[in-house]
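Below: one structure, written as structure tokens.
The values are calculated or read from the model by the stated rules, or taken from the named source; none is laboratory data. From a predicted model like this one, the values you see are computed outputs, not experimental measurements. Cβ placement follows ideal geometry from the backbone for every residue including glycine, while neighbour counts extend to all protein chains displayed. Remember, those area values only see protein heavy atoms, side chains included, never the ligands or the DNA or RNA. Shrake-Rupley method; radii C 1.70, N 1.55, O 1.52, S 1.80 Å.
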Amino acid sequence: MSTKYPTYLLDRAKIEGAHTLAVAQKHGAWEALRKILKDGIGFAQVIQLVKDSGLRGRGGAGFPTGMKWSFMPDPVKDPRPRYVAINADESEPGTCKDRVIMELDPHGFLEGALIAAYAMRAQVVYVYVRGEYRLPYKRVADAVAEARKAGLIGKNILGSDFSCEVYMHQGAGAYICGEETGLMESLEGKRGHPRPKPPFPAMFGLWGQPTTVNNVETVFNAPFIVLRGAEWFKSMGTKGSTGNLLVGVSGHVNKPGVYELPFGVSCREILEDVCGGMWKHKQLKSFFPGGSSTGVLPASLIDTPMEHDAIKNTGSMLGTAAMIVMDEDTCMVRAHEIVARFYEHESCGQCSQCREGTQWLHQIFQRIEHGHGRLEDIDMLVTLSKGMAPGKTICALSDAAAIPTLAVIKHFRGEFEEHVKLARCPFLPAGTQRPVFAGAH
Amino acid sequence: MTKIILNGREVDVDPKQPLIHACHAHGADVPMYCYHPGLTPVGSCRICQVEVKQGEAPARVVVACRTPVAEGMIVETEAPRAHETRRECLEFLLKNHPLDCPICDKAGECDLQDYAFAEGQGEGRSNEPRRKLDKRKSLGEVIVLDEERCILCSRCVRFMEEIPKTPQLTIADLGSRSTISTFMDQPLRGNYQGNLADVCPVGALTLKQFRFQARVWNLKKSLSTCGECSRGCAISVEVLRNKDVKRFRPRYDPAVNQWWMCDSGRFSSARHNAEERLAPAARRGAQGLEICSVDEALAQAADTLRARANAVCIGSPFLTLEEAKAFAALCGTLGAKPAFVSPPATALKDELLNTGDPCPNRRGLLELGFEALEPAEAFARLAAAAVGVLAGERVIELQGRGELAALEGPRLICFDTHGLEGAGADVCVGIPEQVEKSGSWVNLDGHVGKLTIARAAPAGVEPLTRTLASLASLLATSGVAR
């Protein structure tokens, strides 16, 4: 992979055995927390440092992390117990970066989580791990046990008056439990139905107490910022999106994988230099910049820099920077039939628009792909998507189903019309048919 | 109170209630499915979208059931954007709804039907197959679930959790596969299941008792009070073609029952559909009891009372205040002390509504100076008397019809819906029953519950107040044996 950019996130992860405490500590893990506790760096200072660094959440929305941390109420005025929940329910199609962190550098991740807890004066951290992530779960759980034994988790950490416990929780496979309030409901032992907001988690979170939910990669950045400073952090990336991020590339490329890159590297560079170009010398057709919820972009926008604002300007979203690359032989209708099926399957079913809309979109995509489309279906996909988003439902799953639909019709309308006119998928030889995916039922 | 501007009009609203409550309180008709004023709002159906402007921020479209009111808030319920969002939401709700209104018991009082009629487009855009689910899934003895009609508003789930506090329902599975279910399909339990059919905004949860019984627009609804216990829940009595009482439904009364009633009260409606009634009256003649006019019966009753002294007067616990006053006046004329039969407490007493006391007007009768007698005691007094007057609905039944019929000593003058066969019965006068009379009951907290006439009494039957007063005046003009 490219070595022209400075790296820090995955440096330790590349060392053999870094998931154990001994190796991790030899390579700098837990140094930042030691520094905070030894030098007596205050809570407010840590938050200020993270604010100054410009760190933005890596879970998809890109909200400034320092600001999120500062939403937690003052413990003097509000002495309720408070919690930090780490969202490790990584389920967005295309995204697989947190898995790398948890598998290869669980101590770095736990240190980050404890720094977050320290800054927000929480004494409990919950780690909500996606159910399918068995090895990551085991690695983090083992790391928690090791760290607890070493006095890094538990009462009076490193002899200071900071105490913090870490509890692990394994999800049961629902995408919706990665939505922060769905995650909290699930942690409480209920169905993962997202909560209407307000009230926001910082005031009314887990069990009604102040809670902040952070992504794994977000807190993983914190120890580096503490040790090396905000200025160093800002020296990487762009003005609005600082630091490095993990880009997970999948699809029709020669070298798919998770790569550490600074914000602002162009998608073309990621595709051609980092991932070794398109497979089988095919032409690029389109790509999702940040996971299946972000609208698909055509090949003509491949020079867009991978950072929040630039991607937003194209009408899509950075999301979790999980690029899904599709070559010239990919049927956009088929691809979105699969995406729509995913959202139909994962909608929690609370809100009318999402429950019925995700099913409806899937049905229409399926009909068009399999030769039963009507021209008016294309406009109906647009009007239905507009009825589902933005902000019309409790959480953003409805938006996540509507946004890619609107994007694909904006950029590839012709392909839909061709399907309808031919009454079959033009990417298949005439007379053949794709297997029909059953509905989500 | 908080001041908001609702559709251009400044109104005072309750700051503790969500915006939708303020809208409804001031005549703005915002639709709702998941919201119910008696349950925790969850904001999931998304139909109650209204446009709200606060301060300098641009106007937003929000769900009114999850939006708190704030001073100076400007609310437009009919803003084009709000309207459009509601219309979109309605289209999604109708996407899989079976539209079997012609055979749906809820038709005519269905929130989805009403709003679709008012706002929806004439033709649906969907040509996808509709969801096929179980159309008649029994949820126990009371409720049947039509999964296809269900719009998953979760009112029923929250009702069971929050009101009788016996959580038994849940939404099973995810997304478009969601259905309402009990754990392992166990039948529902408890005395409050009937309310599920009321809280259901569509025809998904219906009462087995009411299933296919009537089109609701053919039902004449009259306000009344439940007589099943001393709570006296406010109800609506719904009668088909001036004949059968098809159902009792709770009526909102903040001081008594809010929106709810128990199943034993709800299903007591069946008792009011007896085929055989005493009408108008009967008196003992040469061939035993013979049907006669009320006047003839009262004349004979007066003769009997004049001939025998020390009448024992037993009223029914269902006497209204008005009937009880007339009865007390008659007792005064006869020199008797008014009393009523007080059956033992039932096992139905609970924390919510049912008091377990089967006397709906106990407090009213006691305040009028009536003596409460256990059935055995009332029977013993009658058995020892030379003449007895029994008055009110079920007064015979409560003391034992067979036992009373077997009495040979006392001459009995009965005012009841059914006559008394037997040697002792001298005169029986038919009376209107609960749903055929107007009057009032006083519940255990002193709250007055009204009864109104929901159905005409059988031909010739006169109100008990009038027949008792007529008898008293007959006796007053001609004297009584003392």
In chain A the accessible area split gives carbon plus sulfur, as whole percent at 1.4 Å, a share of 55
Where only protein heavy atoms count, and the probe is 1.4 Å, what is the accessible area per residue for chain B in Å²? 41
Give the distance, in whole Å, between the Cα centre of the stretch A:81-117 and the Cα centre of the stretch B:32-51. 36
Kindly provide the trypsin sites (Lys or Arg not before Pro) of the stretch A:129-168 that DSSP labels as loop, not H, G, I, E or B, and whose Cβ sees at most 13 other Cβ atoms within 10 Å. A:155
If r is the Cβ-Cβ distance from residue A:138 to residue B:367 and R0 is 60 Å, what FRET efficiency results, to the nearest 0.05? 0.20
With no solvent and one equal point scatterer per Cα, compute the Debye intensity ratio I(q)/I(0) for the stretch A:357-435 at 0.24 Å⁻¹ and report its log10, rounded to two decimals. -1.07
Can you give the percent of C-alpha pairs in the stretch A:26-119 whose distance is more than 24 Å? 27
Report for chain A the percent antiparallel among DSSP-assigned beta bridges with both residues inside it, nearest 5. 45
Heavy-atom accessible area of the stretch B:270-396 with neighbours in place, 1.4 angstrom probe: carbon+sulfur share in percent works out to 52
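Please work out the Cα convex hull volume for the stretch B:71-126 and give it in Å³ per residue. Before the final figure, lay out each step's value.
Values: hull volume 6.1 nm³, N = 56.
Given the Cα convex hull of the stretch B:71-126, per-residue volume reads 110 Å³.
Nearest 0.05, what FRET efficiency do residue A:14 and residue A:386 give at R0 = 30 Å with Cβ-Cβ as r? Walk me through the numbers on the way to the answer.
On the way: r = 46 Å, r/R0 = 1.53.
E(calc), rounded to 0.05, equals 0.05.
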Among B:58-65, A:388-395, A:157-164, what's the highest-first ranking by average C-beta atoms within 10 angstrom per residue? A:388-395, B:58-65, A:157-164
With runs of 4+ DSSP H residues as the only contributors, calculate the mean residue ellipticity of chain A at 222 nm using -39,500 (n - 2.57) per run, divided by the residue total and rounded to the nearest 500. -12000 deg cm²/dmol
Given axes a ≥ b ≥ c from the Cα gyration tensor, I'd like to know whether chain B is rounded (a/c under 1.5), prolate (a/b larger than b/c) or oblate. prolate
Largest first, please: the extent of the C-alpha atoms of the stretch B:281-478 along each principal axis, to the nearest Å. 54, 33, 28
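Quote the relative contact order of chain A in percent (integer), defining contacts as alpha-carbon pairs under 8 Å separated by 6+ residues. Numbers along the way, then the final one.
Working: 880 pairs, mean separation 67.0, N = 441.
Rounded, it is 15 percent for chain A.
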Classify the protein assembly as shown as rounded, prolate or oblate from the Cα gyration tensor: take a ≥ b ≥ c as the square roots of its eigenvalues, call it rounded if a/c is under 1.5, otherwise prolate when a/b beats b/c and oblate if not. prolate
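Counting partner chain Cβ atoms within 10 Å of every residue's Cβ in B:89-102, what's the average? Write out the running numbers ahead of the final one.
Working: counts 9, 2, 8, 15, 4, 2, 8, 4, 1, 0, 0, 0, 0, 0.
Partner-chain Cβ atoms within 10 Å, mean over residues of B:89-102: 4.
Out of the DSSP beta bridges found with both residues in the stretch A:244-327, what percent are antiparallel (nearest 5)? Mind showing how you got there, number by number?
Numbers: 14 of 18 bridges.
Percentage antiparallel, nearest 5: 80.
How large is the translational diffusion coefficient of the stretch B:131-194 in µm² per second when you combine the Kirkwood radius over alpha carbon pairs with Stokes-Einstein at 37 °C and 0.692 mPa s?
Values: Rh = 12.1 Å.
The estimated diffusion coefficient comes to 272 µm²/s.
Based on Cβ point charges of +1 for Lys and Arg and -1 for Asp and Glu, what charge dipole magnitude is obtained for the protein assembly as shown about its Cα centre, in debye rounded to the nearest 20? The partial results should precede the final answer.
On the way: 107 positive and 108 negative charges, 142 e Å.
That gives the protein assembly as shown a dipole magnitude of about 680 debye.
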q = 0.13, 0.19 Å⁻¹: log10 I(q)/I(0) that the Debye formula gives for the stretch B:410-482, counting C-alpha atoms only: -0.54, -0.93
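So for chain A, considering every pair of alpha-carbon atoms, how many percent are separated by more than 35 Å? Each step should come with its number before you reach the end.
Details: 29335 of 97020 pairs.
Across chain A, Cα pairs with separations above 35 Å total 30 percent.
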Where the centroid of each part is defined by its Cα atoms, how far is the stretch B:419-482 from the stretch A:281-352 in Å? 79
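Let me know the longest stretch in chain B that avoids all chymotrypsin sites (Phe, Trp or Tyr not before Pro) found in a DSSP loop with at most 16 other C-beta atoms within 10 Å. Display every interim value, and only then the final one.
Working: sites that count: B:212, B:252.
The longest uninterrupted stretch comes out as B:253-482.
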Along the principal axes of its C-alpha atoms, what lengths does the stretch B:127-246 span, in descending order and rounded to whole Å? 44, 37, 20
Output for the stretch B:297-386: GluC sites (Glu not before Pro) sitting in coil per DSSP, at most 13 other Cβ within 10 Å, listed by number, reads B:351
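At a 10 angstrom cut-off on C-beta neighbours, averaged per residue, how do the peptides B:18-25, B:455-462 rank from highest to lowest? Don't skip to the answer; put the middle values down first.
Values: B:18-25: 21.5, B:455-462: 16.2.
Highest to lowest by the protection proxy: B:18-25, B:455-462.
Quick test of the membrane-span-like rule: which DSSP H helices of chain A reach at least 15 Å along their long axis (C-alpha atoms) with mean Kyte hydropathy at least 0.0?
Long hydrophobic helices here: A:43-53, A:106-119, A:216-228, A:375-388, A:397-422.
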Which whole number of Å³ per residue matches the convex hull of the alpha-carbon atoms in the stretch A:12-234? 116
Could you report the buried accessible area between A and B, both sides summed, computed with a 1.4 Å probe and given in Å² to the nearest 100? 2800
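Net charge near residue B:283: determine it from the other residues with C-beta under 13 Å of the C-beta of residue B:283, scoring Lys and Arg +1 and Asp and Glu -1. List each step's numbers first, then the result.
On the way: positive: B:284, B:411; negative: B:290, B:295, B:296, B:303, B:426.
Taking every other residue near residue B:283 into account, the sum is -3.
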Report the Stokes-Einstein translational diffusion coefficient (µm² s⁻¹, integer) for the stretch A:136-283, Rh taken as the Kirkwood radius over Cα pairs, at 25 °C with viscosity 0.890 mPa s. 130
Treat each spin label as a single point 7 Å out from the Cα along the C-beta direction, and report the residue B:450 to residue B:255 distance in nm. 1.3
Please give, to one decimal in nm, the separation of the simple spin-label points placed at residue A:150 and residue B:118, each 7 Å out from Cα toward the Cβ. 6.5
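Starting from the Kirkwood radius over alpha-carbon pairs of the stretch A:244-327, derive D by Stokes-Einstein at 20 °C in a medium of 1.002 mPa s and give it in µm² s⁻¹.
On the way: Rh = 12.1 Å.
For these conditions, the coefficient is 177 µm²/s.
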Over the C-alpha atoms of the stretch B:2-92, what are the Rg and the largest Cα-to-Cα span, Dmax, in Å? 12.0, 35
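Quantify how strongly other chains surround peptide B:44-50 by giving the mean number of their Cβ atoms within 10 Å of each of its Cβ atoms.
Values: counts 12, 5, 9, 1, 0, 1, 0.
Neighbouring Cβ atoms belonging to other protein chains average 4 per residue here.
For the peptides B:330-338, B:70-78, what is the packing order when you average, over each peptide's residues, the other Cβ atoms within 10 Å and list the highest mean first? Walk me through the intermediate numbers first.
Numbers: B:330-338: 19.3, B:70-78: 17.6.
Listed from highest to lowest mean packing, they are B:330-338, B:70-78.
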How far is it, in nm, from the label point at residue A:254 to the one at residue B:165 when both lie 7 Å from their Cα along the line to the Cβ? 7.0
Taking every pair of alpha-carbon atoms in the stretch A:102-208, what share in percent sits in each 5 Å bin, from 0 to the bin with the longest distance? 3, 12, 20, 21, 19, 15, 8, 2, 0
Taking alpha-carbon centroids only, the stretch B:56-95 lies from the stretch B:207-244 a number of Å equal to 36
Antiparallel %, DSSP beta bridges [both residues in the protein assembly as shown], to 5: 60
Diagonalise the Cα gyration tensor of the stretch B:288-360 and give the resulting equivalent ellipsoid semi-axes, square root of 5 times each eigenvalue, largest first, whole Å. 32, 15, 12
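Relative to the present Cα-Cα distance, how much length would full extension add between residue A:430 and residue A:160 at 0.36 nm per residue of separation?
Here the segment from residue A:430 to residue A:160 would lengthen by 90.0 nm.
First select every other residue whose beta carbon is under 10 angstrom from the beta carbon of residue B:41; then total the charges, Lys and Arg +1, Asp and Glu -1. Don't skip to the end; give the middle numbers.
Numbers: positive: B:66, B:158; negative: none.
Overall, the nearby charge balance is +2.
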